[in-house]
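These notes are about the structure you will find just below.
Please treat every number below as a calculation from the coordinates, not as lab data. Small disclaimer: the values here were computed from a predicted structure and weren't measured. Positions of Cβ are generated from backbone atoms using ideal geometry, with glycine treated the same way; all protein chains shown enter the neighbour counts.
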Amino acid sequence: MTTPVLEARDVTMRFGGLTAVRSVDFTVNSGEIVGLIGPNGAGKTTFFNCLTGLYIPTEGTVAYQGKVLPPKPHLVTQAGIARTFQNIRLFANMTVLENVLVGRHTRTKEGLWSALLRGPGFRKAEKESEAKAMELLEFVGLDAKRDHLARNLPYGEQRKLEIARALASEPGLLLLDEPTAGMNPQETRTTEELVFAIRDKGIAVLVIEHDMRFIFNLCDRVAVLVQGEKLVEGTSDVVQADERVVAAYLGEPFEGDPGEAEAAEVEAAEATAAHAEDTVADSAAGTTKGDTP
Ligand SMILES: Nc1ncnc2c1ncn2[C@@H]1O[C@H](COP(=O)(O)OP(=O)(O)O)[C@@H](O)[C@H]1O
Ligand SMILES: [Mg+2]
């Protein structure tokens, strides 16, 4: 059964004269992985910021599990929405484990400062917290690096750590802003598997990404934002086939998937050109196109 986890109604975000997000209705249901795509500057990150309380939308409301969210990031996290950022935000000089422990502070009685300063209350809860954090590190494949400083991790692992930290707040919905940006194909595939595994834990996922192959493989549903407006929404197949989506992307090649598509086009063009040359050569030799095998 599908029940809405997230419902954004008529969300508009203006910055002065610029309308970055315009009257967007948007739903994520339980058990779903939903993609949000669109050209650079389309308003994707701004929309995320409206969902997570970082921005107060100029108009509209955002509800999580039927309750309208107050536009305050910590209250949104407490309600059950976690996110990662387009630009990695980790505590660079903390260990991998500490980064995840900090992510847990919304779910422990002890607050952030107690977690950081390791007060007496924290120490009591520490064992349980650490066990949970280690579970998450194992889940993303970073348990062996628990004591490494975050800044010493390779880029792809920093992204995974960010996801582990987000999961530490025990969300019902996870928002990922360009999780595979800067990743190699191998890392992207691992991330894809990780997102499926997160969904299998019962966490709904909303993901912004430029890598179309990643998005269309992964998502049950995809919404396309263009100039702040939701242009198309549907299953991967429907969205992929929509001419308006192709048009919206013209002039901006699909990042992450330009190689093969472009190579195929060039090959096809070359084949046509070669064939044309053959035909000309054949004609010169007194044969016709129909005679060639
Ligand atoms: N804090 C802000 N103040 C003013 N303009 C902003 C702000 N954040 C984003 N914008 C503008 O809103 C538009 C959408 O940006 P953004 O949401 O970052 O797009 P996307 O994530 O789709 O690339 C852009 O024109 C951007 O310059
Ligand atoms: Mg963005």
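Using the Cβ-Cβ distance between residue 3 and residue 268 with R0 set to 45 Å, the FRET efficiency works out to roughly 0.45.
Taken one residue at a time, the phi angles of region 63-77 give Karplus couplings (6.51, -1.76, 1.60, θ = phi - 60°) of 10, 10, 6, x, 10, 5, 8, x, x, 9, x, 5, 6, 5, 4 Hz. Gly and Pro are set to x.
Coupling constants for region 137-153 follow from the phi torsions by the Karplus curve (6.51 cos²θ - 1.76 cosθ + 1.60, θ = phi - 60°), and in residue order they are 5, 5, 4, 8, x, 10, 4, 5, 10, 3, 9, 6, 6, 4, 5, 8, 6 Hz; glycine and proline get x. For the peptides 28-37, 91-100, 189-198, 62-71, the ranking by mean Cβ contacts within 10 Å, running from highest to lowest, is 28-37, 91-100, 189-198, 62-71. Excluding same-chain neighbours fewer than eight residues apart, the lysines reachable from residue 160 by a Cα-Cα span under 19 Å are 132, 145, 201.
Site pair residue 61 and residue 229 shows an inter-label distance of 2.5 nm when each label is modelled 7 Å from Cα along Cα→Cβ. Given R0 = 35 Å, the distance between the Cβ atoms of residue 14 and residue 241 translates into a calculated FRET efficiency of 0.60. Diagonalising the gyration tensor over the Cα atoms of region 130-229 and scaling each eigenvalue by 5 before taking the square root yields semi-axes of 24, 16, 12 Å, largest first.
A Förster radius of 22 Å, combined with the Cβ-Cβ distance separating residue 152 from residue 89, puts the computed FRET efficiency at roughly 0.85.
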